[in-house]
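Colleague: Handing you a structure now.
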Amino acid sequence: GQRRFLKQDELAWELGVLPQELDVIIKTEIQLGNIIKLSDNSLLSRDKFERLKQNLENMINGYHEEHPLEDGIPKQELLSKLKENWHIEDDKLLQALVKYLLDSKVILDKGKSIALAGFTVEFTDEQLKLKEEIKAEYGSVGFEVKSCDEMISTLKTNKQDFNAMLQELVTDGSIIKLDPAYYISSDGWNAVVEAARKFTSEFSLSEYRDKLGTSRKYAEILLRGLDKNGITYFNGTTRVVISR
C-alpha cells in the first residue's frame, strides 16, 4: 500500500524470500539510495520519501508565510499534522522520520520549533530599527529594568513586533531574560552578577540593594533573575552565590 512502512522481516515475508537474501538486496538498494532505512528500522522507498518531504515542505512553508515573525512551526503542532497527513499511528515511526529529516538537513531544530532549512525570518526596516531601539532602551535603563509592557508603551510599538525583536536580541546575547516580564541588557546583567559574586557568604536583599545602589523593587527583580539563572540560591531569607 501507498501508506505503509515495513520492517525488514515483514518485507521478507511479503516477498517470500529468506531474510538473509533480502538483507543483501536491501543493503544494495540503500547504497544506491533507492531505499531509506530509518532509525527504528522501518524501510521506505525513495519515491515515497520524496512525496512525504514535499508534503512536509509545503506545510512548513505555509506556516512560515502565515507567521513570518516566528522562527518555525511549534514541534507539537508539526507532529500532530504529520500524523494526520501521513496516516501514521506509531509515534516511534514518526520520531524516526523526523530524525531522518533533521539528519539529512531538510528541517532544522530551533528548540521549541522546527524550520525549513534555508528559512530565515525577513524583518522589515521598521522592525530592525525597533530592534536597535529596544537594545538602546535596555542599555539606558540599567538596573531599573522596565517590564516588557512598560517597554512596549515607552517605544510606542506593538506586542508582536516587540516580542519578535526581543527574541532576536536574546538569541544574539545582547539581552538576558530575568523572568517572563523582565529582561536586562547584557552589560547590566554582567554588573548584576558581579555585584552578587562580591559577597563571600550569605547576603540579604537589603545588602544587595545597597551594593547596587538601586531600590528594593529592582533589587528583588534582579535577585529573582539570578536565582532563575542559577547564579544564586535563595533559602527564603538570604541568598548565597552558587555559580562563580
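Colleague: Restricting attention to the alpha-carbon atoms of the range 125-224, what are Rg (one decimal) and Dmax (integer), both in Å?
Modeller: Considering the range 125-224 through its Cα atoms, Rg and Dmax are 14.3, 49 Å.
Colleague: Okay, moving on. Could you pull out every one of the aspartates and glutamates with an alpha carbon less than 12 Å from that of K92, ignoring same-chain neighbours closer than 8 positions?
Modeller: D40
Colleague: Just from its helices, what would the mean residue ellipticity at 222 nm be for the chain, if runs of 4 or more DSSP H residues each count -39500 (n - 2.57) and the sum is divided by every residue, rounded to the nearest 500 deg cm²/dmol?
Modeller: The helix-only estimate for the chain comes to -18000 deg cm²/dmol at 222 nm.
Colleague: Using only the heavy atoms of the protein chains and a 1.4 Å probe, how would D23, D40, D125 rank by accessible area, largest first?
Modeller: Working: D23 55, D40 30, D125 120 Å².
Reading off the accessible areas and sorting them downward yields D125, D23, D40.
Colleague: Just report the Cα centroid separation between the range 92-146 and the range 62-89, whole Å.
Modeller: 16
Colleague: Same structure again: From Cα coordinates alone, what are the radius of gyration and Dmax values for the chain in angstrom?
Modeller: Cα radius of gyration and Dmax of the chain are 26.0, 81 Å respectively.
Colleague: Could you give the dipole magnitude of the range 177-244 about its Cα centre, charging the beta-carbon of Lys and Arg +1 and that of Asp and Glu -1, in debye to the nearest 20?
Modeller: Working: 11 positive and 8 negative charges, 6 e Å.
About 20 debye.
Colleague: Moving on. Once you've got the Cα coordinates, tell me which of K37/K105; K110/K198; K105/K177; K83/K131; K37/K83; K7/K48 are over 26 Å apart.
Modeller: Values: K37/K105 16 Å; K110/K198 36 Å; K105/K177 30 Å; K83/K131 38 Å; K37/K83 19 Å; K7/K48 15 Å.
Among K37/K105; K110/K198; K105/K177; K83/K131; K37/K83; K7/K48, the Cα-Cα distance tops 26 Å for K110/K198; K105/K177; K83/K131.
Colleague: Where only protein heavy atoms count, and the probe is 1.4 Å, what is the accessible area per residue for the chain in Å²? Mind dumping the intermediate values first?
Modeller: Working: 14050 Å² over 244 residues.
Roughly 58 Å² per residue, with all protein chains present.
Colleague: Ranked highest first by the average count of other Cβ atoms within 10 Å around their residues, in what order do 181-189, 76-84 fall?
Modeller: Details: 181-189: 19.6, 76-84: 14.6.
Going by the mean number of other Cβ atoms within 10 Å, highest first, we get 181-189, 76-84.
Colleague: Evaluate E = 1/(1 + (r/R0)^6) for D149 and D91, where r is the Cβ-Cβ distance and R0 equals 25 Å; express this FRET efficiency to the nearest 0.05. Can you show the working numbers first?
Modeller: Details: r = 39 Å, r/R0 = 1.58.
Plugging the Cβ-Cβ distance into 1/(1 + (r/R0)^6) gives 0.05.
Colleague: Oh, and also: Ignoring ligands, DNA and RNA, please state the percent of accessible area on the chain from carbon and sulfur, probe 1.4 Å.
Modeller: Details: 6980 of 14050 Å².
Accessible surface attributable to carbon and sulfur in the chain totals 50 percent.
Colleague: So for the range 1-141, taking the charge dipole from beta-carbon charges (+1 Lys/Arg, -1 Asp/Glu), which of W13, F119, I107 sits furthest toward the positive end?
Modeller: Of W13, F119, I107, it is W13.
Colleague: Could you pull out every one of the aspartates and glutamates with an alpha carbon less than 17 Å from that of K228, ignoring same-chain neighbours closer than 8 positions?
Modeller: Cα-Cα hits under 17 Å: D179, E194, E220.
Colleague: Size of the dipole of the chain about the Cα centre, Lys and Arg at +1 and Asp and Glu at -1 on the beta carbon, nothing else charged, in debye to 20? Write down the numbers at each step before the final one.
Modeller: Values: 34 positive and 41 negative charges, 137 e Å.
Its charge dipole is roughly 660 debye.
The values are calculated or read from the model by the stated rules, or taken from the named source; none is laboratory data. These numbers were taken from a predicted model, which means no experiment stands behind them. Cβ: placed from backbone, ideal geometry, glycine included. Neighbour counts: every protein chain shown. Protein only, heavy atoms only, side chains kept; ligands, DNA and RNA dropped before computing areas. Shrake-Rupley method; radii C 1.70, N 1.55, O 1.52, S 1.80 Å.
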